[in-house]
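J.: Please see the structure below; I have some questions.
The values are calculated or read from the model by the stated rules, or taken from the named source; none is laboratory data. Computed from a prediction, not measured in an experiment: that's the story for all the values here. Cβ: placed from backbone, ideal geometry, glycine included. Neighbour counts: every protein chain shown.
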Amino acid sequence: MKSFVVIGCGRFGASIARTLYNLGNEVLAIDNSEEIIKEMSDEVTHAVQADVMDETVLKDLGLRNFDVAVVAIGSDIEASIMATLVVKELGIKKVIAKAQSELHGKVLTKIGADKVIFPERDMGIRVAHNLASTNILDFIELSPDYSILEITALKEWEEKSLGQLRLSTKYGINVMAIKRGNSISVSPNGEVVIEKDDILVVIGSTNDIKRVEQKAGE
């Protein structure tokens with residue numbers, strides 16, 4: 001389990017916070033809107049109303065103990081920059097920041113953001129799945145019920161055949177393809193043995209995919 005702080009819980013930030021929490025992570029949501037915090041309180045580990053322009057408040061929340069900070073503040077560019085600066089100075093290992101424009105993105109990068117996200121190009125849910133585990137390379141929600149996951153083979157899968165792993169029985173997922181270096185095996189049979197660094201493209205129900213992600217995040 002990882003710990004995340006999401007600063008700014010508009011539609012984009014709330015989407016990330018909820019998804020990370022549903023994947024079994026500890027999530028602290030921060031927003032200056034009392035109404036938004038009330039809505040988020042049952043959907044994350046902790047939800048706090050705070051003025052992100054107040055550096056002292058952010059420091060008092062103990063943010064330095066979190067693994068990842070996601071600065072998802074909307075139209076207030078000054079607040080976005082301030083929050084990014086503060087969480088970076090506090091020593092949070094990975095800081096992801098949302099940008100409104102290319103210029104805003106350049107500023108966030110200059111002040112230390114490890115990754116800049118442009119909402120027009122990145123869906124909140126997809127970003128959250130990628131953050132939740134280093135094994136998760138990509139996530140595509142086909143519908144509310146079914147999703148596709150691109151995942152690096154877990155260590156316990158290595159040197160075992162698909163038949164031995166019985167991923168369909170154990171997790172309810174089906175392997176669509178395996179990427180190995182520059183080659184791709186589509187619809188692999190049960191005799192295919194998983195090797196280190198293999199990338200599996202799997203499909204399954206959203207609940208089953210979530211179980212795989214939780215396993216990958218352990």
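J.: Determine whether Met1 is of a type in the set (A, V, I, L, M, F, W, C), part of a loop (DSSP other than H, G, I, E, B) and in contact (Cβ under 8 Å) with a residue 60 or more places away in the chain.
T.: yes
J.: Can I ask one more? Please give the strands (runs of 3 or more DSSP E) falling wholly within region 37-121 in which 1 or more residues are basic (Lys, Arg) and assigned by TED's automatic domain parsing to the domain that holds Asn25.
T.: Correct list: 94-98, 115-117.
J.: Can you name the residue in region 1-24 that is under 17 Å from Thr206 (Cα atoms) and among the polar types (S, T, N, Q) and, of all such residues, is nearest to the chain's Cα centre (by Cα)?
T.: Thr19
J.: Can you tell me which residues in region 174-218 are of a type outside the set (S, T, N, Q) and more than 24 Å from the chain's Cα centre (by Cα)?
T.: Matches in region 174-218: Arg180, Gly181, Ile184, Val186, Pro188, Gly190, Glu191, Val192, Val193, Ile194, Glu195.
J.: While we're here: Going by the conditions given, is Asn65 surrounded by fewer than 14 Cβ atoms within 10 Å (Cβ to Cβ) and in contact with a Ser or Thr (Cβ under 9 Å, 6 or more places away or on another chain)?
T.: Answer is yes for this residue.
J.: Separate question: Right, Lys215: modelled with pLDDT of 90 or more and out of contact with any helix residue (DSSP H, G or I) (no Cβ under 6 Å at 6 or more places or on another chain) or not?
T.: When the stated conditions are applied, Lys215 does not pass them.
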